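Right, one structure below, let's go through it.
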Amino acid sequence: MRVSSHQLLDAAINSIQKQSVEAMKWQQQISSGKKYVKASEGAVAIARGVEIQFDKSKYAMLKANQDFVATRMALADAQLGSMHDALSEMQQMGVQARDAAIGKIGLQSLAQKARAAYDLLAQQAVAMDTNDERYLLDTTNVARLDQPKITATGSASVAQKDSITFSGAYGANEIVEFTVNGVRLQYITTAGDTANSIATNIATQFTAAANNAGNSAVTASASSGTITLEAKKPGVPFTASVVENSSTGSAVRAEVRANVTEVSSATIAPDAVFQKAGTYLIDKFSTRSIGAGETITEARMQIEGKGPDGSTSSYYVGVYKNGILKFPQQPDAFMNLEIAITGNPDLMTEMRFEANPVTVRLNPAAKMHVDGAYAVELSKGDQFINGNFEKTGVTYQGSSALINGWTASLTAAAGTNTTVTAATNTVDFSTQTRFDSGRSLLLKSSGVSGTATAGAASVGGPVLLSNEPVQLFASNTTTGRVADTVSFRWAATSTELAKVTVSLVNIDTNESTVLLSSTAAAPSSSPTWAALTHTVTKDGRYRLKVESATVDSAVDGISNATTSVYIDDVQVVSGAKELTAATLMVDGAAVKTATVANGGLAYDATTKTTRINFANAAGSPTNFYDLSLDLVGDPADLRTTNKINFRVDPKVKQIEIEPGIWVPEGISFREALGNNTATSRDVLADARAFVESLERAAVSGTLESDFTGKIAHLDAATDQVLKYQIRAGVIGAQVDAAKAALEIKATELEAHRSRLLDTDIAEASAGLVRTLSTIDVRMGLPVRMKKRTRSCFGE
C-alpha cells in the first residue's frame, strides 16, 4: 500500500490538534485545581464526590452542635459549681450552728450569712447569659393566648337567594317570562318601562301569583332594577329562570346562592398574632382561572368593615388550598393568619371572629418543678358553670336531673286546655353540636301523648335551670362600662312542633327576661343550629332557664311524639374593662386563683399591662415559685373565656453530636433543682427551709427539733447539684471526644475527596510536558517532508 505525502501531512495535523486539546486539558486542571471539568469525564468519581460533600455538610452541622453543647455544658458546669459552693457554705453553717457554745448572737450571725447565701443561690438558679437564655435550661414553651373561635355560616345555614338584574330600554309589548318552581309569570312591557319599574312590577305580580299557586315558600322584592327571590326557610331550595325577547333591554342573573354546602368547623392556627382588635369577617370564597388550566380559590376579609387601606371598599385577600385559608402577612393588622376549614366554603360562606391583640409574656425567672399542660383561665366576670356542657354526668333524684352546674325538672306539665296521657322526659349529653365537636345538652321528651279541649295541645318537656346566679351588668354611661351579653346555641327537632323558651330570671326581683321564644313551623327530623346573643339591660343576679315543649302540629292531638331540644355554648361576655380573676390550671385541675382582692391582679393603665401573679404554689413540696405573666394590651379586648396556654416538658431536647449519637443540649433547671418526684430534691425549697429554721433559731436562741432533718435534706440537695455538675462535665468530655473523632473523619473525607476530584499537580505537569513534546515532534514532520520533496526534484 502506498502512502502519499498528503496522507502523512493530514495525519500529522490531526495529531497536533488532538495533542493541543490534551495540553489545554492539562493546563485547565493545573489552573483550576480540578481534575474533571464536566461530569461525563468522571461520572463515578464526581458522584462519590457529591456524597462526600453531603457528608462534609453533615459534619459541619455536627461540629456546630458540638460547639453549642460544649458551651452550654461549660456554662452549666460553672453555674452548678457556684451553686454547689453556696450549698456547701450552708452545710458548714449547719455544722457550726449545732455547736452548743455558739450562743444566740452566733446564731444570728449565721442566719444572716445563710440568708445571703440563699439569695445568691436563688439568683443563680435562673441566671441568664447575654442571649437571655438560662444557664440551667427552662423547659417551658412559649405562653400563648388562645385563638378566637370562629362562627361560620355556610349555605346550609342561609336561605337560598336568586337575583336578576334588568338593564337597558324596553319598548311596548315586549315579553319577560319569569318562572319559579314551575310557576310561570309572563309580563308584557309598556312604552317607557324602566329596568326598575319592570323589576318592581314583576316582584308584585309574582308574589300574588306565587301565593295563589301555594308557593309562599319564596318571597320576591325589587330594588334599583334588580328583583331578588329568597327562600323563606334555609335548606329549602327552589329553581328560577328568566327569558325575555327585547332587542334593547336585557336580564342578567346577578347572584345565585345555593344551600347545598356547609362549613362544619374552622380553626385559627395557634401561632397567629393579631395587632388589630375587632370583628374579622371572611366571605366570598370564589375560584378563578390563572392560566395554563390552573385555578385559584380566594376569599376576602375585612376588619371592622374595613380593608388594608382603611376604606370600606378594600379587602384583605387570602388563598384557600387543601383545606387551609392563608392570608399574606400584614404587620399592622395580623401575622401568621391561617385557618383550617372542614367543609366546602362557597360564595355565600361567612366566617366571623373577634380578634384579640393582647400579647403574653411569661416571667423568665419563674421556677416550675412539675411538667404538664398549664393554662390560665381569664375572667372578667361571672360565668354560668359548665356552660359548654363538657363536664358530663347526670344524676336523677326523684323528678329532677342533676348536672354539673344545672338542674332539670322532668315533670311533664300540661299546657292550656291540655290533658297529658303519656310522656317521658330525660336529660342527656349529645355529640350533636354546631361544629361536630364536644358535647351539647339534650332535653328530650319521648312517647308524648295528649289532647286539648280547645286549640292545639301542648305538653311541657324538661325545664333546665342554672344552679348558681351570675352577676350581670348593663351599660353605664357614667363609668363607661359596656353592657354584658349572654349568648347560647340551640337546635330542636320534633315529630310534632318543638317549642323552646329561654329566659333570664332575676333572683332578687323574680323578673324574667325572655331571650328566645320559638315554636317550629313544621315537624323536623334533623336539627338546624342557631345562635342567640342578648345584651343585658338591667344590673342584677340572674339564673338561666331553658324550657322545652311539644306542641300539636295539626290540632288533632299529640300521639307518641318525640321532641329533642339541644343547648350548647352558654356564656357571658363581660363588658368590664379589666380582668377580675385568673385561675391557674395544671393538667386540667385548678391550682390557684389570682384576683384584685388577693393582690394577684394589677393593671397599669399607662403601659396597658396586666400583671397576673400566682407567686409561689401552696403545699410542700412546692410546684412553682415566682410564677407570673404580663398581658400587654388593652384588657377591654380580652374575652371572659380567654385562656393562656403553655407547657412544661419533662426533659430538655436531645441534639446529635456524632452520627447516631445524641446528648441533652444542656442541663435543665428541673433536673438539677428538682422535678417533684420521689427521687428528686427541691433544692431551693430545702435550702430555704434550712435558712428559715436558722432564722427562727436566731430569734429564740435554740435550734428547732427537726433542724437535723433539715440539714439532712440540705445534704441531699447539695449532692444532687453536685451530681448534675458532674454530669455536665461528663457530657462536656463526651463532646470533646466527639470533636476529636469528627475532626479525624472530616480530614479523611477531605483527603479522599481530594484524591477523587482535585488535580495532582505533579501528574498534570508531567502530562503537559509529554503533550507539548509530542506537539513539537509533530510540528517538525511538515518541515522534513518539504526538504525531502525539494531533494527529489533537485532543488
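Quick notes on this structure:
- Magnitude of the charge dipole for the range 543-593, about its Cα centre and with charges confined to Cβ atoms of Lys, Arg (+1) and Asp, Glu (-1), is about 380 debye.
- Cα point-scatterer Debye curve for the range 334-438, base-10 log of I(q)/I(0) at q = 0.23 Å⁻¹: -1.33
- Residue-count net charge about ASN386 - beta-carbon cut-off 13 Å; Lys, Arg +1, Asp, Glu -1: -2
- Maximal additional length on extending the ASN245-SER518 stretch stands at 93.6 nm, based on 0.36 nm per residue less the C-alpha distance.
- Remark: the THR485-GLN275 segment gains 73.2 nm on full extension, using 0.36 nm per residue and subtracting the alpha carbon distance.
- Two-decimal log10 I(q)/I(0) for the range 467-595, as the Debye equation yields it once each C-alpha is a single scatterer, q = 0.10, 0.19, 0.22 Å⁻¹: -0.46, -1.07, -1.22
- Pairwise FRET efficiency - LYS577 versus SER700, Cβ, R0 = 41 Å, nearest 0.05: 0.25
- Take 737-743, 544-550 and order them by the average number of nearby Cβ atoms within 10 Å per residue, most first; the result is 544-550, 737-743.
- Label-reachable residues, the range 406-442, where backbone N falls under 20 Å from a point 7 Å from THR151's Cα toward its Cβ: 433-441
- Label sites at ILE175 and GLN112, each approximated as a point 7 angstrom past Cα along Cα to Cβ, lie 11.3 nm apart.
- Of the peptides 651-658, 328-335, 574-581, the order by per-residue mean of other Cβ atoms within 10 Å, starting with the highest, comes out as 574-581, 651-658, 328-335.
- Neighbourhood net charge (11 Å Cβ-Cβ; Lys/Arg +1, Asp/Glu -1) for PRO650: 0
- Subtracting the Cα-Cα distance of LYS651 and ASP332 from 0.36 nm times their residue separation leaves 111.1 nm of extension gain.
- Ranked by the mean number of other Cβ atoms within 10 Å of their residues, highest first, the peptides 81-91, 288-298 fall in the order 81-91, 288-298.
- Stokes-Einstein D for the range 394-573, Kirkwood Rh over Cα pairs, 20 °C, 1.002 mPa s (µm²/s): 126
- Net charge contributed by nearby residues that have their C-beta within less than 14 Å of LYS608 (K/R +1, D/E -1): -2
- Spin-label zone in the range 634-662 - amide nitrogen under 17 Å from a point set 7 Å from the Cα of THR593 along the C-beta vector: 640-644
- Taken along the Cα-to-beta-carbon direction at a fixed 7 Å, the label points for LYS745 and TYR187 span 8.2 nm.
- When the alpha carbon gyration tensor of the range 263-355 is reduced to an equivalent ellipsoid, the three semi-axes, largest first, read 21, 16, 13 Å.
- Convex hull projection area averaged over all views, the range 417-515, Cα basis, nm²: 9.7
Every number in this text was worked out from the coordinates using simple rules, so none of it is lab data. Just so it is clear, the model here is predicted, and its values are computed rather than measured. Positions of Cβ are generated from backbone atoms using ideal geometry, with glycine treated the same way; all protein chains shown enter the neighbour counts.
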